[in-house]
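Written out below as structure tokens is the structure these notes cover.
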Amino acid sequence: MATMTEKEKIKTFTTHYIDGAFVGSHGREVMDIINPTNGQVIARVTLADEEDARRAIAAARRAFASFGRTTKEERAKILRRLHEVVSAHVDELTAAMVEEYGGTVAFSRILMEGAANAFLSAEKALQELPLTRTWGKTTVTLEPVGVAGLITPWNANSFFLSAKLASAVAAGCTTVIKPSELSPLQTRVWLECVREAELPNGLCNVVAGRGDVVGAELVRNPDVAKISFTGSVAVGQTIMRDGAATMKRVTLELGGKSPNILLDDADLDKAIPTALAIAFMNSGQACVAGTRLLVPKARLDEVKRAILAAMHAFPAAIREIQRPRSDRW
Ligand code: NAD
């Protein structure tokens, strides 16, 4: 039986998802996607350019005319449907993340279960949140702001695709999503879920391109009312600055270096393995990785010894902590 050559195994992506269909890229730049665990090229993606982004924005704007007027129940129905289809494809999403990103199966699965459950969380929030409130003679009505540009980071791409789309749908916004350009495999599996969910055309448009090309177009385009961005501090600063020109509403979730703090009476047998797990989960590639540890000066040497000792048991400990649990999300 013939086996596939390395070249044949490389997946090729040349389309973007605009107005409910996969359409050929106007952008021409081609980027190799490399499996970080073995350095092999696993995919080739044709990147979107500004024109692709503008087409997606136009589709989202057209769709907003009707989607912006949907009721809570109509949006809730879409969220439940998205939860259903993404839940049914957690295995494929996990496999794509592992292959493309190099994360562990356990960690990637937790994220993908979270991606599915994000739709239910958004539905719950939508059901519980009164969209109209009155104080004395003042009535405040929460209305969708318009087209939302959603930009995701490399280290949790599919989770944020779901979480950001879920919030936008709950709010009644249509979307143009710019996934991390390094994540076409995950994005494609996720998009097959979106297609299966049969959303209204133009509600969810996805254009994969470079940040300083497609992302920048979303940030400066006057037809995009809001940007939701997760990524680095430096890019967040650019978005906040450039978005001001069109008075964008901007939500930024950035990187951090928040420390864990050990108090005088900390039980090091428990605290140190937990601190290591928090620092090194997902190979240390997490915005929430607690990579600093503040300790009482008097216990510094003791803590150092405990860290060295705990390192030996770490691989087994991390497997236990990352074990998928149904009650996690
Ligand atoms: P990044 O900032 O380089 O890129 C994030 C996204 O922004 C990508 O899609 C990128 O293409 C896009 N982008 C780049 N330049 C842009 C521009 N000028 N305009 C608009 N978009 C632009 O970050 P990354 O390397 O993909 O992800 C890792 C970073 O994200 C780390 O700093 C990590 O701490 C952070 N992060 C934060 C959270 C959180 O919840 N706070 C979660 C995950 C990751």
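List the residues, sorted by chain then number, that are 5 or more residues from ASP19 or on another chain and whose placed amide H is less than 5 Å from its amide H.
Those qualifying (amide H under 5 Å, at least 5 residues apart or on another chain) are GLY202.
Which of these, ARG55, ARG28, ARG133, has the largest mean-square fluctuation under a Gaussian network model of the chain (Cα springs below 10 Å)?
Highest fluctuation of the listed residues: ARG133.
Using only DSSP helix segments of four residues or longer, with each worth -39500 (n - 2.57), what per-residue ellipticity at 222 nm results for the chain after dividing by its residue count and rounding to 500?
It comes out at -15000 deg cm²/dmol, rounded to the nearest 500.
Near the amide H of GLY209, under 5 Å away, which other amide H atoms are found, from residues 5 or more places off or on another chain, if H is placed in the peptide plane?
ALA48
Name the residue farthest towards the positive end of the dipole of the chain from the options ALA58, MET31, ALA48, assuming +1 on Cβ of Lys and Arg, -1 on Cβ of Asp and Glu, about the Cα centre.
ALA58
In debye, nearest 20, what is the charge dipole magnitude of the stretch 260-321 about its Cα centre with +1 on Lys and Arg Cβ and -1 on Asp and Glu Cβ, if you could check?
Charge dipole, the stretch 260-321, about its Cα centre: 220 debye, nearest 20.
Taking the stretch 1-97, which GluC sites (Glu not before Pro) meet the DSSP loop condition and have no more than 15 other C-beta atoms within 10 Å?
Those satisfying the criteria are GLU29.
Can you tell which of PHE13, PHE159, PHE280 shows the greatest fluctuation in a Gaussian network model of the chain with Cα springs below 10 Å?
Fluctuation is largest for PHE280.
Using 0.36 nm per residue of separation minus the Cα-Cα distance, give me the extension gain between LEU254 and VAL105 in nm, one decimal.
That works out to 51.1 nm of additional length.
How about LYS270: which lysines have a C-alpha closer than 30 Å to its C-alpha, ignoring those fewer than 8 places off in the same chain?
Hits, sequence-local ones excluded: LYS257, LYS297, LYS304.
Could you give the size of the charge dipole of the chain about its Cα centre, using +1 on the Cβ of each K and R and -1 on the Cβ of each D and E, expressed in debye and rounded to the nearest 20?
720
Springs between alpha-carbon pairs under 10 angstrom, Gaussian network model over the chain: which of LEU199, LEU191, LEU79 fluctuates most?
LEU199
Cross-link partners among lysines for LYS11, C-alpha distance below 24 Å, same-chain residues fewer than 8 apart left out?
The reachable lysines, counting only those whose Cα sits under 24 Å from LYS11, are LYS178.
When only alpha-carbon atoms count, how far does the stretch 260-321 stretch along each of its three principal axes, as whole angstroms with the largest first?
31, 24, 15
GluC sites (Glu not before Pro) within the stretch 169-251: which are DSSP loop residues with at most 11 other Cβ atoms inside 10 Å?
Qualifying residues, ordered by number: GLU198.
Which ³J(HN,Hα) values in Hz, rounded to whole numbers, follow from the phi angles of the stretch 144-151 under the Karplus curve 6.51 cos²θ - 1.76 cosθ + 1.60, where θ = phi - 60° and Gly and Pro get x?
x, 7, x, 7, 9, x, 10, 10
If packing is taken as the average count of other Cβ atoms within 10 Å, what order do 93-105, 236-248 fall into, highest mean first?
93-105, 236-248
Between ARG299 and LYS77, what length in nm is gained on full extension when 0.36 nm per residue of separation is reduced by their alpha carbon distance?
The span from ARG299 to LYS77 would gain 74.5 nm if fully extended.
Which far-off residues, 5 or more places away or on another chain, put their amide H under 5 Å from the one on PHE13, with H placed in the peptide plane?
Distant-sequence amide H within range of PHE13: ARG44, VAL45, THR46.
Report the label-to-label distance for LEU263 and ALA21 in nanometres (one decimal), using points 7 Å from each Cα along the Cα→Cβ vector.
6.2
Tell me, how many Å apart are the Cα centres for the stretch 197-255 and for the stretch 54-105?
Between the Cα centre of the stretch 197-255 and that of the stretch 54-105, the gap is 17 Å.
Just how far, in whole angstrom, is the stretch 157-195 from the stretch 111-128 if you go by their alpha carbon centroids?
Centre-to-centre distance over Cα atoms comes out at 13 Å.
Quick note: the coordinates plus some simple rules give every number you see, no bench work behind them. No experiment lies behind these values; they were computed from the predicted model shown. In this analysis, Cβ positions are derived from the backbone assuming ideal geometry, glycine residues included, and neighbour counts consider all displayed protein chains.
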